[in-house]
Amino acid sequence: MISSSFGAPAAFTKGFDLQHVSDGLYGRHLHIYSWPEGELKQTLDLGNTGLIPLEIRFLHNPNKDTGFVGCALGSNVVRFFKNSDGSWGHEDPENPKLTGQVWLGGLIRKGSLVVVEADDGTTYQIDVLEVQGHKLRGGPQMMQLSLDGKRLYVTNSIFSAWDRQFYPEVVEKGGHMLQIDVDTEKGGLAINPNFYVDFGLEPDGPSLAHEIRYPGGDCTSDIWI
């Protein structure tokens, strides 16, 4: 079993404070345990580029001893793998090929206080998209790829204290789930206009949507807390 070292609850439950990173209250390690003994076998230090490692996902292929972890502070993805001697290693994926991208919201939307500065010095913001007449709230957080690789489901809540800090509208109106169609032959991503789940309409809502789990899924949809 491999676990990530998110951070100290005394820090992240109060909202995100960058000073807490400098104070060492957020992690940068992966821990490898033997199962079911629960013995800690190895710890991988991801360095400063691996600060605040969150979700871990293995490949769909159960015969492959490799996976990826998303590191929140630098928006990095780190690959981990098992070596021939049985130990585990990690590396930044080299030279990834961009085959598609899609905009799902975030802080650089038009009307916010955050702008993007391009290499040539120009600045820009992104239009707020709508799906079925609903303006997208917040930004993408949890993602789950279907077993055939053709549908990517996305929710927009990470943790209520952080949602309230960065995207108060998500807390006020509730989260949502989207479906991204993946072209596995030619490449490319597209928002499915026929799929929109509004958790703000829950009977005791508004509710915040986070983990996505497939009944009878594989290791990429099994969540351990």
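Since every read-out is calculated from the coordinates, none of them should be taken as a lab result. Just so it is clear, the model here is predicted, and its values are computed rather than measured. We place every Cβ from the backbone using ideal geometry, glycine too, and count neighbours over all the protein chains shown.
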Dipole moment magnitude, nearest 20 debye, region 78-163 about Cα centre, only Lys, Arg, Asp, Glu C-beta charged:
460
If R0 = 30 Å, then Lys41 and Asp92, at their Cβ-Cβ distance, give a FRET efficiency to the nearest 0.05 of 0.85
Of the cross-linked pairs Lys14/Lys64; Lys64/Lys150; Lys41/Lys64; Lys64/Lys135; Lys14/Lys97; Lys110/Lys173, which ones have a Cα-Cα span greater than 28 Å in the structure shown?
Lys14/Lys64; Lys64/Lys135; Lys14/Lys97
What number comes out for the charge environment of Thr184, summing +1 per Lys or Arg and -1 per Asp or Glu over other residues with Cβ under 9 Å away?
-1
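Between Glu130 and His60, what FRET efficiency follows from the Cβ-Cβ distance if R0 is 22 Å, with the result rounded to 0.05?
Calculated value: 0.10.
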Taking every other residue with Cβ under 14 Å from the Cβ of Leu201 and scoring Lys and Arg +1, Asp and Glu -1, one gets -2
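Could you tell me whether region 116-221 comes out rounded, prolate or oblate from its Cα gyration tensor? Rule is a ≥ b ≥ c as square roots of the eigenvalues, rounded for a/c under 1.5, then prolate if a/b exceeds b/c, otherwise oblate.
Oblate.
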Identify, among Ile2, Ser75, Ser87, the residue whose Cα sits farthest towards the positive end of the charge dipole of region 2-91, taking +1 on the Cβ of Lys and Arg and -1 on the Cβ of Asp and Glu, with the dipole about the Cα centre.
Ser75
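Provide the net charge surrounding Thr49, with neighbours chosen by a C-beta distance below 9 Å and charges set as Lys +1, Arg +1, Asp -1, Glu -1.
0
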What are the ³J(HN,Hα) couplings of region 39-47, residue after residue, when phi is run through the Karplus curve with 6.51, -1.76, 1.60 and θ = phi - 60°? Round to Hz, x for glycine and proline.
8, 6, 9, 6, 10, 9, 8, 7, x
With the chain treated as a Gaussian network of Cα nodes joined by springs under 10 Å, which of Glu130, Glu172, Glu37 yields the largest mean-square fluctuation?
Glu37
Mind checking which aspartates and glutamates have their C-alpha under 19 Å from Lys186, skipping anything on the same chain fewer than 8 residues away?
Asp148
Please state the charge dipole magnitude for region 116-221, taken about the Cα centre, from unit charges on C-beta atoms (+1 on K and R, -1 on D and E), reported in debye and rounded to the nearest 20.
260
Hey, what do the phi angles of region 82-92 turn into as Karplus ³J(HN,Hα) couplings, whole Hz, using 6.51/-1.76/1.60 and θ = phi - 60°, x for Gly and Pro?
9, 7, 5, 8, x, 7, 10, x, 8, 6, 6
Give, rounded to the nearest 20 debye, the magnitude of the charge dipole that region 1-137 has about its Cα centre when Lys and Arg contribute +1 at Cβ and Asp and Glu contribute -1 at Cβ.
460
